[in-house]
Amino acid sequence: MANQRTRFVIQPFRQNHQMDEEYATTTWQTLREAIHEIHRQNASGLSFEELYRNAYNMVLHKYGEKLYSGLVDTITEHLRSIAAEIAEANDDILFLKELKKKWEEHKLSSIMIRDILMYMDRTYVVQQKKTPVYDRSLQIFRDEVCRNPRIKDRLLGLLLELIQRERMGEMIDRSLMKTFSGMFVELGRDVYSRDFEAPFLAASTTFYQAESQEYILQNSASDYMKHAEVRLHEEAERVRHYLDSTTELKIKEIAERELIAKHMKTLAEMENSGIVTMIEDSKIAELSRAYGLFKRVTQPTPGLGIIRELMAANVKRVGMELVKDEERNRDPVLYVQGLLQLRAKYEKVITNAFLSDKQFYNSLNQAFESFINVNQHSPEYISLFVDDQLRKGLKGTSEEEMDNILEEVVMLFRYLQEKDVFEKYYKQHLAKRLLGGRSISDDAERSMIAKLKHECGYQFTSKLEGMFNDMKLSADTQEGFKQSLGGSSKVGGIELMVHVLTTGFWPTQLGAKCSLPPEITRCCDVFKEHYLRQHSGRRLQWQPNMGNADLKAKFSTRKHEINVSTYQMCILLLFNTTDTMSYEDIVNATSIPVADLKRALQSLACAKFKVLNKEPKGRDVDDTDSFSFNADFTCKQLRFKVATVSAQKETETEKQETRHKVDEDRKPQIEAAIVRIMKSRKEMEHNALISEVTTQLTARFVPHPNFIKKRIESLIEREFLERDASNWRKYKYLA
Amino acid sequence: MASRLLGGRLSSGKRAPCNEAPTSTWFENLFDAYKDADEQIICPEGVERLCQALNLDPSDVLVLVFAWKLGAKRMGYFLHEEWLAGCKSFSSAHSTSELCNLLKAIHDSTLRDPSALRSIHSFTHKFCREDERVRNVEISSAIIMLQLLHGKTFPAHVKNLVAFMESNAPLQKRGVSHDEWMMILQFCREVEPDCSNYQDDGAWPVLLDDYVEWYQKQQKL
């Protein structure tokens, strides 16, 4: 069947006519003429169709080679004359304009020529692996014009000069620049980078090197940085406007290196205007600029590291001065305020200028930690500051403001290494506030405790919370006491208010005893009986050092109500029966501890309210002094309070006592930590154990290694641990 | 080890297997010669007579070695059961001079054997305690024992340690704990007399830290 079908075969049209050599030459002549016309910008009279056909025929008849090489020769010849023409221009601007014109013309001509020779591009060029017509045409332009010895260097020189002039502030023809940089790119990436970019970068390096060195000598750091910022911006703009985008990173790197990286140290440390000064003066805008500039530098040293170190060193220096400042050490409130202000200042700088950079905060915290612990009074002072705040509670401070202050104080607390010492003091101060009824707001108190709890955990505040609980229970007890006495808590005309404090929660002083006047003792007994009836088996111990009393006193002119401490009350009541008493008599009659007695007498006889006369007169109380009732005492107020003379801060002996107490309290904590660790690890080398114990305890305090060692020895003694028989540096847990 | 050495030296004599009953009735009978009239115990007065018989000063180190071998619990007293338990060590002794020589030999070998030295050193601490309940040894006894036991072996250390202990008031009060006592021996053996290789790496008891500090201060003066 297939054979039947193919009976009628139509032969394809075959052109037997072979193009001969001569005909080919005439065809090429036609084409060459046309190319010349195109180059002369005179292409309007040409017939595209005809030229295309001619080229087609030549390629079809295997004259592709002739056509291609003829084309190359023609273009080369043309561009040579063009190059010579351009090079002739005397005037530089003319030269550039001419070159620009010729380049644009050449591109246009090349497109036309490519279009005519399109068939060759599709067949001959592909088969013979030649360069396509348009690209070849540009190559010839590159070799004959751009890299023409009379043009190449002149062109580059002029371009760099223009850029230099723009850098100096002149307006230049940016479109001209754009044309040339575009030209380089079109001529090939390598042409751009070799013939233009590399020299440009080298020139920029030299320029910025020289400029920055000169500028930094003559200007302040802040002016320099402003300038550098402008320069960096300019370079970015330059690339955007007329350079290839690949150059952006490179020029940025150079500018950053020359303008910033090489001068960071100088800028930072520049006297009177460097970064140190800016930080000290809280120049937010300038620091923000410095941050932005320095952040760009990561090699060889990160720029921000320099600022950070400077800031840390600065904080440390200022902080160290502050904690050692004698005046501030005399006034704890001033001391803590100084710390708070210092912190606020740097915090503001970091938040506003340094974009709240975490690493900067870390450096700040480390710096604070380092100097705050240098002064071993810091825990006491911070607690005193809180005491001051919660006592008088700045008038007109809202709850929110109060909370902010406390929040800031807790921040300082966080820096303390000896948090347990703080706890000791806080307990003492809180006790005074609670028992004296001096605390302004229960809410503020509780909020502070909550903050501490959040910081250090339940254990840290459990006793503090116990104190609050005692206060609440005491109120109930007092109510019950009143009920039991038939609605009045008066015993023999004396109204009695009792706070029952749980031992261990409160900073009770052991041995703080005195012989109370008989009428008071009677009151105490009544209460004791009442209390023990409800809570049998408990032991009540009176703490005269913590109480206070309201007395009614009759002087020669008028009556007064005086609020005094329990000790002062004991002393004053003695003068009900006698008018004059020697110091020794008072000691014997009251048996108040010497230091407390002297302080009480001093506040009664030498301070603002001189209820007693001292003989001889003087500020201090001596063992040989005698005291008498001052009947001529006058005072405007009906009611007044005799404050106990005492430095708000502790005395030296009290300090040692507190210190000792803290050390004693630490012993079981350290031992517990050692045992805990050893129990889980079974055996451990000495140094590993020490470091583990330290880590576990840092939240509360930083124990000295020797202190831990002593505890280990004690535990060996008590057979909780033993030394390994073969390695005495290793401990084993004894179950 | 001590008994093995002795066994070798005295191989000509009767040698009894270790775990058999002691054969030296002479030694067993020795107890009766010095014991208290009423009780099965040798009292200080008896010990003194025993020392005389052995031609030893009661404070001689050999007396300490004797007590160690017997495992005596209390200074100046030997219980009968202690005596019987110690018989094994002294089975080869049949006269006071033999016993004395034996003690010398034991002492010599002890000085050469670290673990034996540790053992007698540790024993000394328990032996010197005034009372079962008191854990620390008084400084005065510690000093005597230190000189007695190690005076010849570590002359420089012992001399300095003694001077340090005598000058240290808090130490006088609390005495020396067993751990500290053991570490003193370790210290004498490990550390050069001039303390140059003392490493403050922390594991030494505070007592020895203090000592080295004291020593170095003394050297500077």
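Where a number appears in this text, it was derived from the coordinates with a stated rule and is not lab data. None of these values were measured; they are calculated from a predicted model. Cβ sites come from the backbone with ideal geometry, for glycine too, and all protein chains shown count toward neighbours.
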Listed residues A:462, A:159, A:243: farthest to the positive end of the dipole of chain A (Cβ charges): A:462
Across the alpha-carbon set of the range A:22-102, Rg over Rh with Rh taken as the Kirkwood radius works out to 1.11
Looking at A:205, A:435, A:734, which one has the Cα that reaches farthest to the positive end of the dipole of chain A (charges on Cβ: Lys, Arg +1; Asp, Glu -1)? A:734
Quick one: grab Rg to one decimal and Dmax as a whole number for the range A:646-735, Cα atoms only, in Å. 15.7, 58
In terms of the Cα gyration tensor, with a ≥ b ≥ c the square roots of its eigenvalues, is the range A:477-531 rounded because a/c is under 1.5, prolate because a/b exceeds b/c, or oblate? oblate
With +1 assigned to the C-beta of every Lys and Arg and -1 to the C-beta of every Asp and Glu, and no other charges, what is the dipole magnitude of the range A:612-735 about the Cα centre in debye, to the nearest 20? 700 debye
Just to be sure I follow: if Rg is taken over the C-alpha atoms of the range A:119-168 and Rh is the Kirkwood radius over the same atoms, what is Rg/Rh? 1.31
So what's the range A:159-233 giving for Cα Rg divided by 2.2 N^0.38 Å, two decimals? 1.31
Across the range A:167-183, in residue order, what do the Karplus-derived ³J(HN,Hα) couplings come to in whole Hz, using 6.51 cos²θ - 1.76 cosθ + 1.60 with θ = phi - 60° and x for Gly and Pro? 4, 7, x, 7, 8, 10, 7, 6, 5, 4, 4, 5, 4, 6, 5, x, 4
Residue by residue through the range A:143-150, what is 3J(HN,Hα) from phi via Karplus (6.51 cos²θ - 1.76 cosθ + 1.60, θ = phi - 60°)? Round to whole Hz and write x for glycine and proline. 6, 8, 9, 4, 9, 4, x, 7
Quick one: which residues, 5+ away or cross-chain, put their amide H under 5 Å from the amide H of residue A:563? H built at 1.01 Å from N. A:551, A:640, A:641, A:642
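Dividing the convex hull volume of the alpha carbon atoms of the range B:53-161 by its residue count, what do you get in Å³ per residue?
Value for the range B:53-161: 113 Å³ per residue.
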Debye log10 I(q)/I(0) at q = 0.08, 0.10 Å⁻¹ for the protein assembly as shown, Cα point scatterers: -1.02, -1.22
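Rg to Rh ratio, the range A:616-696, alpha-carbon atoms and Kirkwood radius?
Radius of gyration over Kirkwood radius for the range A:616-696 works out to 1.40.
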Efficiency of FRET from Cβ geometry, residue A:710 and residue A:320, R₀ 45 Å, rounded to 0.05: 0.90
Suppose a student asked you for the relative contact order of chain A, using Cα pairs under 8 Å spaced at least 6 residues apart; what percent would you report? 6 percent
Computed [θ] at 222 nm, deg cm²/dmol, the protein assembly as shown (DSSP H ≥ 4; -39,500 (n - 2.57); rounded to nearest 500): -20500 deg cm²/dmol
Would you give the gap between the C-alpha center of the range A:619-641 and the C-alpha center of the range A:553-585, rounded to a whole Å? 8 Å
Number of Lys pairs in the range A:98-223 with C-alpha atoms less than 20 angstrom apart, excluding same-chain neighbours closer than eight positions? 10
Per-residue HN-Hα couplings for the range A:612-617, Karplus 6.51 cos²θ - 1.76 cosθ + 1.60 at θ = phi - 60°, whole Hz, x for Gly and Pro? 10, 9, 10, 10, x, 6
Please tell me which of these pairs span more than 23 angstrom C-alpha to C-alpha: A:451/A:655; A:463/A:667; A:424/A:608; A:324/A:709; A:490/A:559; A:427/A:667? A:451/A:655; A:424/A:608; A:324/A:709
Using the structure shown, select from A:358/A:419; A:732/B:88; A:472/A:610; A:419/A:472 the pairs with a Cα to Cα distance greater than 32 angstrom. A:732/B:88; A:472/A:610
Just to check, using Stokes-Einstein with a Kirkwood Rh over alpha carbon pairs, what's the diffusion coefficient of the range B:94-139 at 20 °C and 1.002 mPa s in µm²/s? 173 µm²/s
Check cross-link reach from residue A:554 to the aspartates and glutamates: straight Cα distance under 12 Å, and skip same-chain residues fewer than eight apart. A:632
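Counting other C-beta atoms within 10 Å, which of B:204, B:68, B:26 has the fewest, and how do the rest follow?
B:26, B:68, B:204
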Treating only Lys and Arg (+1) and Asp and Glu (-1) as charged, each at its beta carbon, one finds that the range A:394-435 has a dipole about its Cα centre, in Debye to the nearest 20, of 380 debye
Among A:335, B:86, A:46, the residue whose Cα sits farthest towards the positive end of the charge dipole of the protein assembly as shown (+1 at Cβ of Lys and Arg, -1 at Cβ of Asp and Glu, taken about the Cα centre) is B:86
Heads up, the range A:94-142 by the C-alpha gyration tensor (a ≥ b ≥ c square roots of eigenvalues; a/c under 1.5 rounded, else a/b over b/c prolate, else oblate) looks oblate
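Can you bin the range B:142-221 into rounded, prolate or oblate? Criterion: square roots of the alpha carbon gyration tensor eigenvalues sorted a ≥ b ≥ c, rounded for a/c under 1.5, prolate for a/b above b/c, oblate for the rest.
Here the range B:142-221 falls in the rounded category.
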Using a simple charge model, +1 on the beta-carbon of Lys and Arg, -1 on the beta-carbon of Asp and Glu, nothing else, what dipole does the protein assembly as shown show about its Cα centre, in debye to the nearest 20? 1740 debye
Principal axis dimensions, largest first and in whole angstrom, of the range A:213-360 by Cα: 67, 31, 25
Hydrodynamic radius by Kirkwood for the range A:585-735, inverse mean 1/r across distinct Cα pairs, in Å, is 20.0 Å
Average the reciprocal distances over every distinct pair of alpha-carbons in the range A:479-617, invert the result, and give the Kirkwood radius in Å. 16.6 Å
